[in-house]
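Undergrad: This is the structure I have questions about; it appears just below.
The values are calculated or read from the model by the stated rules, or taken from the named source; none is laboratory data. All values reported here derive from a predicted model rather than from experimental measurement. We place every Cβ from the backbone using ideal geometry, glycine too, and count neighbours over all the protein chains shown. Heads up: the accessible areas ignore ligands, DNA and RNA and are worked out on the full protein's heavy atoms, side chains in. Shrake-Rupley method; radii C 1.70, N 1.55, O 1.52, S 1.80 Å.
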Amino acid sequence: MSDDFDVDHLITQLYDDTKLLTEHQISQLCEKARDVFSMESNVHLVQAPVTVCGDVHGQFHDLIELFKIGGRPPDTNYLFMGDYVDRGYHSVETLCLLLLLKIRYKDRLTILRGNHESRQITQVYGFYDECMRKYGRATVWSQFTELFDYMPLTAVIQHSIFCLHGGLSPSLDTLDNIRQLERIQETPHEGPMCDLLWSDPHEDERPGWGVSPRGAGYTFGADITQQFNQNNALTLVARAHQLVMEGYNWCHNQGVVTIFSAPNYCYRCGNQAALMEVDEHMNKTFFQFDPSPLRGDGQEVLSRTPDYFL
């Protein structure tokens, strides 16, 4: 068969030529990735050293730049905290490369689910349209969005740093509560699974829980972070989900760090991106980077999508 699924060859093909996988190859990719994700817990345990990344949003050339800064797998271990698709021009290529690397080096790459890894959100913010444009029908989109249901929700580095896309939930006091969630489903509109992918820390001094302006999840204060970290013997909550102009931002008395890894988000926001490198002694170092000089094509892609900077 001409569509042989040679993982190493397909990784090289994407790195070097940004060549699309065929529909048949994507079907095989999703099947193999589903098998890998199915073996991982809702709270996936990760060993240091590891490099932690935030949103990448289909900015494929910037993902390649990220690997230039941080090192290519398997030379560097990575933990990605969600939002691989939508907004950027190359969500298909971005997702394919990360999934191929996950299959090839499953213990060196952790891929968590973000709020954009859902059927509803991707129909609005670009991924569905990109799949239709590149493949002529929705089959590839359907296969990817079914796979999203299997992605782990959170991870913990060395039983110390809690990593997830969004934030905390009033329904979840402990990591064991998270382990008991039924995750293999479309992200609900409300409830604890939704909160993990949608919540944000308060940016001011307000304590407790607040109503999220996003319409999903909650906002939470430094007291909530402190109690959660104390309950679970954690030192830090690392999360993504919010555009921060320097690429990373501390809050809640350094109990929370936000990491955003899509430089010049939407090709117009002017922000830097960042990675957080955690060494074997749990020391944290941040690396900031600017957009790749390669922009790709498809300048028309974002013209129809709403202004939504979540």
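Undergrad: Just give me the residues in segment 122-140 being open to solvent by less than 30 Å² (accessible area, probe 1.4 Å) and closer than 13 Å to residue 93 by Cα, in sequence order.
TA: Listed by number, the residues that qualify are 127, 130, 131, 140.
Undergrad: Residue check: is residue 70 among the small types (Gly, Ala, Ser), open to solvent by less than 10 Å² (accessible area, probe 1.4 Å) and out of contact with any Cys (no Cβ under 6 Å at 6 or more places or on another chain)?
TA: Considered against the rule, which asks whether it is among the small types (Gly, Ala, Ser), open to solvent by less than 10 Å² (accessible area, probe 1.4 Å) and out of contact with any Cys (no Cβ under 6 Å at 6 or more places or on another chain), residue 70 comes out as no.
Undergrad: Next up: Can you find even one residue in segment 76-92 that is of a type in the set (D, E, K, R) and at negative phi?
TA: No: zero hits.
Undergrad: Scan segment 8-25 and report the pairs whose first residue is under 19 Å from residue 140 (Cβ atoms) and whose second residue is open to solvent by 20 Å² or more (accessible area, probe 1.4 Å) and of a type in the set (Asp, Glu), with Cβ atoms within less than 8 Å and a gap of 6+ or a chain change.
TA: Hits for this filter: 22/3; 24/3; 25/3.
Undergrad: Here's something else I'd like to know. Are any of the residues in segment 124-139 in a loop (DSSP other than H, G, I, E, B), touching a residue at least 40 places away in the same chain (Cβ under 8 Å) and farther than 24 Å from residue 19 by Cβ?
TA: yes
Undergrad: State all residues of segment 167-183 that are under 24 Å from residue 54 (Cβ atoms) and under 20 Å from the mean Cα position of the chain (by Cα); if no residue qualifies, say none.
TA: 167, 168, 169, 175, 178, 179, 181, 183
Undergrad: Restricting segment 107-123 to residues that are part of a loop (DSSP other than H, G, I, E, B) and over 16 Å from the mean Cα position of the chain (by Cα), which is nearest to residue 154 (Cα to Cα)?
TA: Taking the candidates together, the pick is 107.
Undergrad: Go through segment 17-46 residue by residue and tally those that are of a type in the set (A, V, I, L, M, F, W, C), more than 19 Å from the chain's Cα centre (by Cα) and open to solvent by 40 Å² or more (accessible area, probe 1.4 Å).
TA: The number of residues fulfilling the criteria is 1.
Undergrad: Restricting to segment 232-248, name every residue that is open to solvent by less than 30 Å² (accessible area, probe 1.4 Å) and among the hydrophobic types (A, V, I, L, M, F, W, C).
TA: Within segment 232-248, 234, 236, 237, 238, 240, 244 meet the criteria.
Undergrad: Cβ-Cβ below 7 Å, separation at least six or inter-chain, first residue in segment 276-301 and at pLDDT 85 or above, second charged (D, E, K, R) and open to solvent by less than 50 Å² (accessible area, probe 1.4 Å): which pairs?
TA: Partner pairs satisfying both residue conditions: 289/65; 291/62; 292/62; 292/65.
Undergrad: In addition: Considering only residues that are acidic (Asp, Glu) and crowded, with 24+ Cβ neighbours inside 10 Å, which ones fall in segment 47-67?
TA: Selection gives 55, 62.
Undergrad: Starting from segment 226-247, take each residue that is under 20 Å from residue 69 (Cα atoms) and list its partners that are open to solvent by less than 10 Å² (accessible area, probe 1.4 Å) and charged (D, E, K, R), counting only C-beta distances under 6 angstrom and pairs at least six apart or across chains.
TA: 240/55
Undergrad: Which residues, counting only those in segment 179-230, are over 18 Å from residue 44 (Cα atoms) and β-branched (Val, Ile, Thr)?
TA: 187, 211, 219, 224, 225
Undergrad: Would you pick out the residues in segment 94-121 that are open to solvent by 10 Å² or more (accessible area, probe 1.4 Å) and under 24 Å from residue 17 (Cβ atoms)?
TA: Across segment 94-121, the qualifying residues are 103, 104, 105, 108.
Undergrad: Would you point out the residue of segment 152-196, among those that are open to solvent by 40 Å² or more (accessible area, probe 1.4 Å), assigned to a helix (DSSP H, G or I) and out of contact with any helix residue (DSSP H, G or I) (no Cβ under 8 Å at 6 or more places or on another chain), that is farthest from residue 235 (Cα to Cα)?
TA: Applying the filter and picking the extreme gives 179.
Undergrad: Name, by its number, the condition in (1) closer than 27 Å to residue 267 by Cα; (2) at pLDDT 95 or above that does not hold for residue 38.
TA: For residue 38, the failing item is (1).
Undergrad: When you scan segment 202-218, do you find a residue that is out of contact with any Gly (no Cβ under 8 Å at 6 or more places or on another chain) and crowded, with 21+ Cβ neighbours inside 10 Å, even just one?
TA: The answer is no, given that none of the residues of segment 202-218 is out of contact with any Gly (no Cβ under 8 Å at 6 or more places or on another chain) and crowded, with 21+ Cβ neighbours inside 10 Å.
Undergrad: Moving to a separate point now. Every residue in segment 81-110 that is over 17 Å from residue 243 (Cβ atoms) and without any contact (Cβ under 8 Å) to a residue 60 or more places away in the chain, please.
TA: Passing the criteria: 91, 94, 95, 98, 105, 107, 108, 109.
Undergrad: Let me ask another. Can you find a residue that is assigned to a strand (DSSP E or B) and closer than 18 Å to residue 250 by Cα anywhere in segment 197-209?
TA: Within segment 197-209 (the criterion being assigned to a strand (DSSP E or B) and closer than 18 Å to residue 250 by Cα), the answer is yes, since at least one residue qualifies.
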